[in-house]
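Heads up, the thing below is written out as structure tokens.
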Amino acid sequence: MLGALTGTAFWWGLYLLVFRRDRRRVRNGLLLLIALYSSMSTLALLVETTLPLGDLLVLAAVLLELLGVLGLAVFMVANGLTMLRKEGRSLGNLLSGLVGLALLGAPVVAWLLVSTLTPVGLGAGALLALLSLHMGLAFLVFLCASVPYQLFPEKLRTEGIIIHGSGLVRGGVSRLLRSRLDRAVLERERLLGLGLDPLLVPSGGQGADEPRAEGEAMAEYLVEEAGVPAHRVRAETASRTTEENLTLSHRILEEAGIPGPYIVSTSRYHAFRAALLARSLGFADEAVGGPTAFYYVPSATIREFLAVLSYRRLWFALSFLPALGFVALLVRAAVLSS
């Protein structure tokens, strides 16, 4: 028991040290996941050895976890239907429903393939099961990195705030975009209390289906509805991507004589990826997020995960190589025994 407690303390200490040094790292999620697993293992060991019927209590907890996965799958399917009803048909809006169907269907399909007891069936079933597990662990790492970043935002002292754009609705600010702007206004008020008067840079170009640039509509909202003085707002209207949001907005702030790092105001679910991109561009910016409608969060989080996974696709592929080796050995053994 002492060894288990020592190991758990070590992993938590390492995680907190790394998180404090740089919160904008995916590896933070891996360390937190290890620390949480170590904590649960230690707790299970403590229950087994000290409480009556401890083994049965641990088994019940495992069964509850499995039921939780089933409940999550049903919730994701229901959320996908809600997204289609409220946001319209698109691949992005289908994501949560597709993930729910995968959670329900992948174990069944893998079991059916393995039950054929043929080399191809064994290999395909094992590959599907291991790939699903690998993807699930990657998603947990992402959540363990993203959620603490959202919950404990860094309170920078700066005179520059960048606001990431989002699609306009009939040329006006959408509810999602308004939450980003309102969060920037809250940050401005905090900085005014510290004696700083930040310059706000609403950032976003004009989409193919938009009558004007997002940055222009955002600047109008900040001045006319949020009450920010016009001379403290400078719109960036050429960007098309999050990377361009950051790069072009930095240029505006630097030309205004305002040194970084800056606060990046976006949606809460997007804050971690925005911070990752800032870090990859060599900026020391920290991102903060405004609230998002609950039904929108699952699909948005999955999109963020897939985007971050695309940045780390090489590591994802390399970490799956041992699983591919295991599948190859399994198929070889099946062929030799048949």
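The values are calculated or read from the model by the stated rules, or taken from the named source; none is laboratory data. This is a predicted model, so every value here is computed, not measured. For neighbour counting, all protein chains shown are included, and Cβ atoms are generated from backbone atoms with ideal geometry for every residue, glycine included. Side chains are part of the model used for accessible areas, which takes the heavy atoms of the whole protein and leaves out ligands, DNA and RNA. Shrake-Rupley method; radii C 1.70, N 1.55, O 1.52, S 1.80 Å.
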When every protein chain stays in place and a 1.4 Å probe is rolled, ARG25, ARG268 sorted by accessible area with the largest first are ARG268, ARG25
Test item: Cα-centred dipole of region 200-286, Lys/Arg +1 and Asp/Glu -1 on Cβ, debye: 280 debye
In debye to the nearest 20, how big a dipole does the chain give about its Cα centre with +1 on each Lys and Arg Cβ and -1 on each Asp and Glu Cβ? 420 debye
Separation of region 71-140 and region 254-282 by C-alpha centroid, Å? 34 Å
Positive-end extreme of charge dipole, the chain - chosen from ALA44, SER166, LEU14 (charges on Cβ): ALA44
If amide H atoms are modeled at 1.01 Å from N in the peptide plane, then the residues at a separation of 5 or more from SER267, or on another chain, having amide H under 5 Å from its own are GLY290
How tilted is helix 214-224 with respect to the longest principal axis of the chain? Cα atoms for both, answer in degrees (0 to 90, nearest 10). 60 degrees
Quick check: the angle from helix 297-311's long axis to the longest principal axis of the chain, C-alpha only, nearest 10 degrees? 80 degrees
What number, in percent, do you get for the relative contact order of region 81-134 if the mean sequence gap of Cα pairs under 8 Å and at least 6 apart is divided by its residue count? 23 percent
Suppose every K and R has +1 on its Cβ and every D and E has -1 on its Cβ; what is the size of the dipole of region 114-208 about the Cα centre, in Debye to the nearest 20? 240 debye
Against the longest principal axis of the chain, how steep is helix 54-87, in degrees 0 to 90 to the nearest 10, with axes from Cα atoms? 40 degrees
If HIS134, HIS231, HIS250 are ordered by their accessible area, calculated over protein heavy atoms with a 1.4 Å probe, which sequence runs from highest to lowest? HIS231, HIS134, HIS250
Just to compare against my own numbers: the Cα pair-distance distribution for the chain, 10 Å bins, whole % per bin, please. 5, 20, 27, 23, 15, 8, 3, 0
Give the residue from ALA284, LEU321, ILE302 lying farthest towards the positive end of the charge dipole for region 205-338; charges sit on Cβ (+1 for Lys and Arg, -1 for Asp and Glu) and the dipole is referred to the Cα centre. LEU321
So what's the gap between the Cα centers of region 146-176 and region 206-223, to the nearest angstrom? 15 Å
Using DSSP, restrict attention to beta bridges with both residues in the chain and report what percent are antiparallel, rounded to the nearest 5. 5 percent
With every protein chain left in place, what is the accessible area per residue of region 43-182 in square angstrom, probe 1.4 Å? 58 Å²
Orientation-averaged projected area, Cα convex hull of region 177-238 (nm²): 4.1 nm²
